[in-house]
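To start, the structure itself, in structure tokens.
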Amino acid sequence: MTDKLFNAREDVRDFRNALGSFGTGVAVVTATQGEECLGMTINSFASVSLQPPLILWSVGNGAASYAKFVGAERFAIHILRAEQQAISDQFSQRCRDKFFGVDWEYDENGVPRILGCLARFECRRKVTYPGGDHQIIVGAVERFESLPGSPLLFVQGRYLDIGTDEIG
């Protein structure tokens, strides 16, 4: 088998497929803009710093709620557990009420908090950087919760169940 090199600027689909080889956890970010609750599924989550506690995530410039997320002062990142694939699917769709049927409440700052997640990070937006066709949002973690369980994972365009080591 020989390696085939692609041009990252020209072979966008192949570039995206290659990036998909890196398995990630699945998270949902939530925020509010006025009275509107915002939410979207992301896998662009990463830790930045332990001291001070900083995380980052990115939102596509073409996302329907792009401007609202970039303007949100506070947000929460929810790391989903293996049993929460339906939540991931729901928050990845363009629908009017992404929170319909989801067990959630407002946190003390008025940000939607999805209950029963593996981990949750409640953040204040620190800085936003341009990142090509995305905006990179760095958040200062003010509070977090972490519970035992197995994470929902995503690799090569599909969810991965680590309990059975099968891609589904």
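Read-outs: derived from the displayed coordinates by stated rules, not from any lab. Remember, it's a predicted structure, so these values are computed and weren't measured experimentally. When we count neighbours, we look across all protein chains shown, and the Cβ atoms used for this are built from the backbone with ideal geometry, even at glycine.
Some values worked out for this structure:
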| item | result |
| --- | --- |
| Fewest-first ranking of LEU54, LEU118, using other Cβ atoms within 10 Å as the exposure measure | LEU54, LEU118 |
| Separation of alpha-carbon centers, the stretch 125-139 and the stretch 4-19, rounded to whole Å | 23 Å |
| Choice from ASP11, ASP103, ASP89 with maximal GNM fluctuation in the chain (Cα, 10 Å cutoff) | ASP11 |
| Cα gyration tensor category, rounded, prolate or oblate, for the stretch 26-161 with a/c compared to 1.5 | rounded |
| Gaussian network model of the chain, Cα within-10 Å springs - most flexible of ASN109, ASN17, ASN61 | ASN17 |
| Computed magnitude of the charge dipole of the chain (debye, nearest 20; Cβ of K, R +1, Cβ of D, E -1) | 420 debye |
| Added length on full extension, which subtracts the Cα-Cα distance from 0.36 nm per residue, ASP14 to ALA46 | 9.2 nm |
| Global geometry of the stretch 1-76, whether rounded, prolate or oblate, following the gyration tensor of its Cα atoms and the 1.5 cut on a/c | prolate |
| Radius 9 Å from Cβ of VAL141, net charge of other residues (Lys, Arg +1; Asp, Glu -1) | 0 |
| Neighbour cut-off at most 11 other Cβ (10 Å), DSSP loop, GluC sites (Glu not before Pro), the stretch 76-140 | GLU108 |
| Derived scalar couplings ³J(HN,Hα) [the stretch 148-159; Karplus, 6.51 cos²θ - 1.76 cosθ + 1.60; whole Hz; x for Gly, Pro] | x, x, 9, x, 7, 10, 9, 8, 6, x, 9, 6 |
| Relative contact order (percent, whole number), the chain, Cα cutoff 8 Å, 6+ residue spacing | 26 percent |
| Signed unit charges on C-beta, dipole axis of the chain, positive-most listed residue ILE55, GLY34, TYR129 | TYR129 |
| Of the trypsin sites (Lys or Arg not before Pro) in the stretch 80-168, those whose Cβ has at most 13 other Cβ within 10 Å and which sit in DSSP loop | ARG94, ARG96 |
| Cα-based shape type of the stretch 92-136, given that a ≥ b ≥ c are square roots of the gyration tensor eigenvalues and the cut on a/c is 1.5 | oblate |
